[in-house]
Amino acid sequence: MAEAKDAVTAAIGSGDIAARFEHAIAVVREAGRVAMDYYRRVDELVVESKANPLDVVSIADKEVEAVIRREIAAKFPDDGYLGEEMGIDRGKNDCLWVIDPIDGTACFVNKMPTWVISVALMVGNEAVIGLIYEPNGDELFAACIGKGATVNGKPIAASQVDNVNAGVMGVGMSHRVESAALVPFIADLLDREGMFIRNGSCALMMAYAASGRLIGYFEPHINPWDCMAGIVLMREAGGWCNGFLDAPNVLEDGAPILVAGPKVADVLSEMTGVK
Ligand code: LIP
């Protein structure tokens, strides 16, 4: 762990992270333009199923990820990549870009606007940059380690409510886990006079949690490309995150994700059983 911290400190000191942050902002906006072009003609797209009928992908996902990798590699040719559609390429240094080209694909192919471009940078085992761009609303959520979090350049902060009935909780679900992994939490939240929303995009709801629009976000299993940017946003916005990055083989296998405003973190951790 000390080596990982040293790598981050060195990368901050050298300006390597700051330079990547500035470049990646332009890249996700370009990726958003490419994605929107596909979105405007979504009826023409061939939609394929992956692990189950609702786990979908189209040429848009693949093309957007290719654009992101190409534009980053043009400036940082030694960096590595982990993407939902193109897999992992470790590169030649400590930098690993974690990419979900279209998070909320089921929404995208069904003409619903709750989808985003999600790009994160890891240095060693530390997530240091998080960018989540929602093109329909033109909202760019951005965070860089030690620099806070913003939406369209304005500072954001996690919710400060101290009761789960004082705001809406984001949830996610997939057929990668059994219904029992989520349903008891939903029932407990409702019994406490809370309420939940699932909009189909982990990253977008984590961005909303980082901006205080949601009190938190829980999904019993999530892949690293869905949540990595949201983890950076949440931490830089003063929110609490579970130990997702400490889970064994997390880049290959995923893990549960729970993020929360600081005053409801303990109760949500107890309700979900996620630490
Ligand atoms: C989706 C996540 C969502 C999860 C879905 C899917 P995708 O990502 O954002 O939270 O419940 O199963 O993984 O596939 O749209 O990039």
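Values quoted throughout were computed directly from the atomic coordinates according to the rules given, and no laboratory measurement underlies them. Quick caveat: nothing in here was measured; it's all calculated off a predicted structure. Every residue, glycine among them, receives a Cβ derived from its backbone with ideal geometry; neighbour counts consider all protein chains shown.
Just a few scattered comments:
- Residues in the range 178-196 that are within 23 Å of the chain's Cα centre (by Cα) and loosely packed, with under 15 Cβ neighbours inside 10 Å: Glu178, Ser179, Val183, Met195.
- Hey, Gly87 within 19 Å of Ala11 (Cβ to Cβ) and more than 11 Å from the ligand (Cβ to nearest atom) or not: no
Yes/no matrix, rows are residues, columns are (1) in contact with a Pro (Cβ under 6 Å, 6 or more places away or on another chain); (2) within 24 Å of Asp78 (Cα to Cα):
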site	(1), (2)
Ala7	no, yes
Ala18	no, yes
Ile25	no, yes
Met36	yes, no
Arg40	no, no
Lys50	no, no
Val56	no, no
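- Criterion: closer than 22 Å to Val151 by Cα and in a helix (DSSP H, G or I) - qualifying residue of Ala35, Ala74: Ala35
- Selection of the range 153-190 for residues being within 16 Å of the ligand (Cβ to nearest atom), more than 19 Å from Met271 (Cα to Cα) and of a type in the set (D, E, K, R) yields only Arg176.
- Odd one out for Thr150, checked against (1) away from the ligand (no atom under 15 Å from the Cβ); (2) under 16 Å from the mean Cα position of the chain (by Cα); (3) in contact (Cβ under 8 Å) with a residue 40 or more places away in the chain: (3)
- Within the range 200-220, if we keep just the residues that are under 9 Å from Gly172 (Cβ atoms) and either near the ligand (Cβ under 9 Å from one of its atoms) or of a type outside the set (A, V, I, L, M, F, W, C) (or both), the residue that is farthest from the chain's Cα centre (by Cα) turns out to be Pro220.
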